[in-house]
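Data first, discussion second: the structure below is written as structure tokens.
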Amino acid sequence: MTSLTALLCLTTFSNIVSSGAFPAVLPDIARSAALADWQLGIVAGAFGFARMVADIPLGLFLTRNLRRALWIGPLVLLTGGLCVTAGGGFAIIVFGRLLMGVGQALSMVAGLTAILRFQAGKNLASALAAYELSAMIGMLGGAALIGTLPSHLTWNTAFLVACAPQLIAVGVAPRLLSALPAQHRATAPALYAREATSTAPANPRARPARDPSLVVLVFAAGGLVALTYSTMEQFVVPLRGSREFGLERAGVARLFMVQQIFDIAALIPTGILADRQGAGRVLPGILLLMAAANAMIGFGGLPVVAAGCALFGLSMSGWMLPLTLLRRDTEPERIAWRTGLYRVCVDGGIFLGPFLSGVLGMRLAGLLPALSTAALAVTALLLLARARSSGTMAVHG
């Protein structure tokens, strides 16, 4: 792992801890602020909504301002966390979640752009897996932290403690900027030339044709994974856990810890498998596994939900595989733009999952998991059918 990737991983870890802690305090927020389900859906969904709206402008901004984004993002995220915990009402909490969404979008898209631009090559899937691993360790750390804090602490005090690691990202920013290749715009042709030697044929006529159908399926896969994940994390598990199973904050956190442990254990092996066998071979299996786990979490009893969380963690180890396929099918000069566009689909799913769950309420809480389970299975089958018809199952990537 290069020093740039290591610093990006450390930054992402510290930024994500608060995200890992937030679902466990969601039932406490609902009780203390007397929020209806639709309001709770807005609180949970505001984070993804802000990311979704910001993604395309950020993709354009990052084309020329990657350095600025890497230090502005953690500051905005920290400001949003302070707003959420300030003790205000519904509007202030939503505003804080919006700021947190913008800050995390800025940090995540900047980090992904840096990896896709400067780490592209035969080990790209492993680099992306390491990046995702740091995020999942942060999620696990947030869930563990919030689960070990005394239960008598108010939710905003507990969440403020969970936001404290974001200070690490602020402190690391100067070293991260120094590790970033200087004047990346000016040196872009040389970087792209180096990438071309490892990822593209020397003869321009031999360059693989771009495949619009693959891009559509990649965007659909990313959006569905995000929709399923956010529905599970921001609504189904916290509210089923507290209302149906009588779990306290620590019990809800333990369910998320099960998921994160299995995710972390499988991330690097999944990245290595994708590097060796090709992301196009691995992704359909990941989507089918997530569909099964989603059904277990949405409709099972507590033991089945716990097992579903474990399977869901295994499936989340393939979170970055759509990006690996997207990078293979994208010209280097369009990486930032297409990454931002891809993140619109992902963050749209992160917004719509809890928002639609809140609108549907607990009476119809099973509808969204049922639909997303079916959509994941269909997308997986379409990827398999496309791979067989085009012969890409035999192609690495």
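Taken together, the values in this text are just the output of simple stated rules run on the coordinates, not laboratory data. Predicted model only: the values in this text are computed from it and were never measured. Cβ coordinates were reconstructed from backbone atoms using ideal geometry, including for glycine residues, and neighbour counts include every protein chain displayed.
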Q: Output the Kirkwood hydrodynamic radius of segment 267-307, Cα pairs only, in Å rounded to one decimal.
A: 11.4
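Rounding to the nearest 20 debye, state how big the charge dipole of the chain is about its Cα centre with +1 on each Lys and Arg Cβ and -1 on each Asp and Glu Cβ. Let's see the in-between values first.
On the way: 28 positive and 15 negative charges, 187 e Å.
The dipole magnitude comes to about 900 debye.
If I take all pairs of Cα atoms in segment 127-166, what percentage of them are more than 14 Å from each other?
On the way: 399 of 780 pairs.
Roughly 51 percent, rounded to a whole number.
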Q) For the chain, what does -39500 (n - 2.57) per DSSP helix run (n ≥ 4), summed and divided by total residues, give at 222 nm, in deg cm²/dmol to the nearest 500? A) -27500 deg cm²/dmol
Q. Which residue, chosen from GLN39, MET52, VAL304, occupies the Cα position most advanced towards the positive end of the dipole of the chain, where the dipole is computed from +1 (Lys, Arg) and -1 (Asp, Glu) charges on Cβ about the Cα centre?
A. MET52
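For the residues THR148, THR85, THR231, THR2, what sequence is obtained by ranking on other C-beta atoms within 10 Å, fewest first? Working shown, then result.
Values: THR148 9, THR85 23, THR231 28, THR2 12.
With the fewest neighbours first, THR148, THR85, THR231, THR2 line up as THR148, THR2, THR85, THR231.
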Q.
Between helix 37-84 and the chain, what is the angle of the helix's C-alpha long axis to the longest principal axis, kept within 0 to 90° and rounded to the nearest 10?
A. 30
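Test of understanding: what is the full-extension gain from VAL378 to HIS152, defined as 0.36 nm times their sequence separation minus their Cα-Cα distance? If you can, show how the numbers build up before the last one.
Numbers: separation 226, 0.36 × 226 = 81.36 nm, distance 4.56 nm.
That pair, VAL378 and HIS152, stretches by 76.8 nm at full extension.
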Q) Mind checking the log10 I(q)/I(0) for segment 269-361 at q = 0.10, 0.23 Å⁻¹? Debye, one equal scatterer per Cα, no solvent, two decimals. A) -0.35, -1.18
Q. Quick one: in segment 43-89, what % of C-alpha pairs are over 13 Å apart?
A. 67
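Please compute the Kirkwood hydrodynamic radius of segment 29-144 from all pairs of different C-alpha atoms, in Å with one decimal. Intermediate results must be reported in sequence, preceding the final value.
Values: mean 1/r = 0.0647 Å⁻¹.
The Cα-based Kirkwood calculation yields 15.5 Å.
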Q: State, to one decimal in nm, how far the label point of ILE272 lies from the label point of ALA250, with both points 7 Å from Cα in the Cβ direction.
A: 3.6
Q: Please give the helix 212-231 orientation as an angle from the longest Cα principal axis of the chain, in degrees from 0 to 90, rounded to the nearest 10.
A: 20
Q. For the chain, what mean projected area does the convex hull of the alpha carbons give, in nm²?
A. 17.3
Q: Please identify, among GLU233, GLU244, GLU132, the residue showing maximal mean-square fluctuation in a Gaussian network model of the chain using a 10 angstrom Cα cutoff.
A: GLU244
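Which FRET efficiency value, to the nearest 0.05, is calculated for LEU367 and ARG31 with the Förster distance at 35 angstrom and r the Cβ-Cβ distance?
0.90
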